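Below is one structure, written out as structure tokens; the observations come after it.
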Amino acid sequence: MVQQADLARLGTARDEAVANTFRGNVAEAERGRAGNVVQSPDKTGSPERKIDERALRETLAQAEKVAQAFNRQLRFEVKTEADLIQVQVVNASDGKVIRKIPPDEVVRMVERVNELLGALFDVEA
């Protein structure tokens with residue numbers, strides 16, 4: 001007989017599989033599959049990674065297909081203050097947000113760190 005705890009573990013494992021697939025696909029796009037990453041110096045001279053928009057769309061479409069196989073949907077939200085993309089894993093049947101990657105707490109921490117660094121290194125050109 002299947003216990004409630006077993007179902008919870010199965011749901012968590014399924015969500016982790018979706019999250020790991022998404023992480024792997026984004027990492028592949030960042031590595032520059034077929035040279036899609038452009039290295040360009042910014043004002044400080046450090047390299048800046050830019051992902052080709054076409055490669056990013058392909059990666060997100062692949063992640064969405066994997067999520068659908070697990071009865072999940074993915075929503076992508078750009079967090080400009082933290083300079084990252086937050087992914088929401090959503091249950092397709094009821095629309096409930098199951099997990100956010102990275103979690104809201106991490107996004108807020110990154111926003112605060114960026115704010116502090118901006119205040120420390122605020123240099124007028």
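Points worth noting:
- Hits in the stretch 80-98 - residues which are in a loop (DSSP other than H, G, I, E, B) and among the β-branched types (Val, Ile, Thr): Thr80
- Cβ separations smaller than 7 Å between residues 6+ apart or across chains give the following pairs from the stretch 102-119 residues that are free of Cβ contacts under 8 Å to residues at least 60 places away in the same chain to residues that are surrounded by 13 or more Cβ atoms within 10 Å (Cβ to Cβ) and basic (Lys, Arg): Val107/Lys79.
- Boolean, Gln88 is polar (S, T, N, Q), at pLDDT 90 or above and out of contact with any Gly (no Cβ under 6 Å at 6 or more places or on another chain): yes
- Failed criterion for Ala61 (all others in (1) among the hydrophobic types (A, V, I, L, M, F, W, C); (2) surrounded by fewer than 16 Cβ atoms within 10 Å (Cβ to Cβ); (3) in a strand (DSSP E or B); (4) modelled with pLDDT of 50 or more hold): (3)
- Lone unmet requirement of (1) at pLDDT 85 or above; (2) in contact with a Pro (Cβ under 7 Å, 6 or more places away or on another chain) for Gln39: (1)
The values are calculated or read from the model by the stated rules, or taken from the named source; none is laboratory data. Just so we're clear, the structure is a prediction, and the values are computed from it rather than from any experiment. Cβ: placed from backbone, ideal geometry, glycine included. Neighbour counts: every protein chain shown.
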